[in-house]
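Trainee: The structure follows.
We did not get these values from a lab; they are worked out from the coordinates using the rules stated. None of these values were measured; they are calculated from a predicted model. Counting neighbours? That spans all protein chains shown, and the Cβs are built from the backbone with ideal geometry, glycine included.
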């Protein structure tokens with residue numbers, strides 16, 4: 001099989017296309033999948049650089065989410081048969097033509113869903129659902145401020161928040177990205193550069209938002225505290241803005257704010273049963289046409305370097321996918 005292999009820590013240039021042996025036959029509790037599509041995420045960029053919490057040593061095949069066709073099943077597997085279309089979560093290895101996945105981490109792809117959409121679905125929507133509904137305790141009618149709203153987890157957050165009855169203010173850096181946020185259901189889309197608190201207060205009649213969904217960090221997180229209403233919740237998802245901020249505890253005290261960390265990998269490790277239940281719920285909603293990933297960039301497997309670079313350059317609106 002062909003695979004893109006990370007042969008040293010660094011940027012996209014460390015990825016090399018290699019011919020490797022096919023995986024061994026699947027064992028108990030496993031299926032073997034011919035991978036047709038793989039989501040590309042900022043996590044993959046961090047992993048190539050050796051800067052992610054999970055730090056595999058090179059050489060390794062990156063990629064954690066994929067979709068394809070089952071070609072073989074383990075001796076004890078009854079939930080799937082060869083020919084089934086599945087989306088699956090892998091610890092590593094999605095950037096290859098074949099892979100073995102645990103049955104517990106696979107879901108059948110709804111009939112109306114393409115391999116491309118299935119290949120980018122799990123990570124973004126699981127993050128948004130867990131963050132907003134479970135960590136953020138979002139209620140119908142609440143105001144949600146979504147930063148990085150034109151990214152993969154941002155668009156997922158807009159869709160999930162609107163589906164469950166919230167009102168959404170999206171922030172994005174360009175007119176094109178803000179237009180996409182409105183297309184995806186946001187009630188308002190604003191430019192966060194130069195300050196956003198006054199505009200948020202204006203849109204919420206002076207109250208502020210109930211939840212901030214923040215994958216940006218840095219100065220955006222600090223300003224978000226001033227945009228929150230009484231008993232608001234700051235959801236901390238990452239630090240795309242360059243790094244974490246020093247949360248000012250006086251804001252938390254005076255406004256009764258909760259600062260809440262959200263890491264989907266942590267949920268998968270600490271409560272896999274809940275993580276699987278969430279995924280099943282989300283796949284069902286996708287099958288009803290209520291959730292749909294937006295894909296702006298498509299690449300062949302051998303173009304993984306280019307895919308990683310557009311992630312780094314922040315050119316992706318929604319998701320990027322590798323197909324074969």
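Trainee: Distances longer than 35 Å among the Cα atoms of the chain: what percent of all pairs is that?
Mentor: 20 percent
Trainee: Between residue 219 and residue 137, what is the label-to-label distance in nm when each label sits 7 Å out along the Cα-to-Cβ direction?
Mentor: 3.3 nm
Trainee: Here's another thing I want to ask about it. Considering only the chain, what is the antiparallel percent among its DSSP beta bridges, to the nearest 5?
Mentor: Of all bridge pairs located within the chain, approximately 55 percent are antiparallel.
Trainee: Output the 0 to 90 degree angle, nearest 10, between the alpha-carbon long axis of helix 218-227 and the longest principal axis computed from the alpha carbons of the chain.
Mentor: 50 degrees
Trainee: Can you tell me the convex hull volume per residue for the range 101-191, based on C-alpha atoms, in Å³ to the nearest whole number?
Mentor: In the range 101-191, the Cα convex hull volume per residue is 111 Å³.
Trainee: Could you tell me whether the range 129-265 comes out rounded, prolate or oblate from its Cα gyration tensor? Rule is a ≥ b ≥ c as square roots of the eigenvalues, rounded for a/c under 1.5, then prolate if a/b exceeds b/c, otherwise oblate.
Mentor: rounded
Trainee: A further question on this structure: Just to be sure I understand: with springs between alpha-carbon atoms less than 10 Å apart, which residue in 40, 14, 146 has the highest mean-square fluctuation in the Gaussian network model of the chain?
Mentor: 14
Trainee: Please work out the FRET efficiency for the pair residue 191 and residue 239, using the Cβ-Cβ distance as r and a Förster radius of 22 Å; give the result to the nearest 0.05.
Mentor: 0.60
Trainee: Based on the mean of other beta carbon atoms within 10 Å per residue, what is the order of 1-10, 73-82, most packed first?
Mentor: Listed from highest to lowest mean packing, they are 1-10, 73-82.
Trainee: Compute the relative contact order of the chain as a whole-number percentage, counting only Cα pairs closer than 8 Å that sit 6 or more residues apart in sequence.
Mentor: 18 percent
Trainee: Sticking with this one: Answer rounded, prolate or oblate for the range 1-137, using the Cα gyration tensor with square roots of eigenvalues a ≥ b ≥ c: rounded when a/c is under 1.5, else prolate when a/b is larger than b/c, else oblate.
Mentor: oblate
Trainee: With a 10 Å cut-off between alpha carbons and a GNM built on the chain, which of 99, 261, 243 moves the most?
Mentor: Of 99, 261, 243, the most mobile in the Gaussian network model is 243.
Trainee: For residue 290 and residue 54 in the same chain, what is the full-extension length gain: residue separation times 0.36 nm, less their Cα-Cα distance, in nm?
Mentor: 81.7 nm
Trainee: Rounded if a/c is under 1.5, else prolate if a/b beats b/c, else oblate: with a ≥ b ≥ c from the C-alpha gyration tensor eigenvalues square-rooted, which is the range 216-314?
Mentor: The shape class here is oblate.
Trainee: With a Förster radius of 25 Å, plug the Cβ-Cβ distance of residue 175 and residue 298 into 1/(1 + (r/R0)^6) and report the FRET value to the nearest 0.05.
Mentor: The computed FRET efficiency comes out at 0.60.
Trainee: I would also like to ask the following. Relative to the longest principal axis of the chain, what angle (0 to 90°, nearest 10) does the C-alpha long axis of helix 152-163 take?
Mentor: Tilt relative to the chain: about 60 degrees.
Trainee: Run the quick spin-label model on residue 281 and residue 258: label points 7 Å from Cα toward the beta carbon, then report their separation in nm to one decimal.
Mentor: Taking the two extended label points, one gets 1.5 nm.
Trainee: Could you check the simple spin-label distance between residue 7 and residue 315, using points 7 Å along Cα→Cβ, in nm with one decimal?
Mentor: Calculated label separation equals 2.5 nm.
Trainee: Can you grab the distance from the C-alpha centre of the range 95-135 to the C-alpha centre of the range 39-92, Å, no decimals?
Mentor: 10 Å
Trainee: GNM, the chain, Cα, under 10 Å: largest mean-square fluctuation among 194, 29, 68?
Mentor: 194
Trainee: Now a separate question. Calculate, for residue 24 and residue 104, the FRET efficiency according to 1/(1 + (r/R0)^6) with r their C-beta to C-beta distance and R0 22 Å; round to the nearest 0.05.
Mentor: Working from the Cβ atoms, E equals 0.70.
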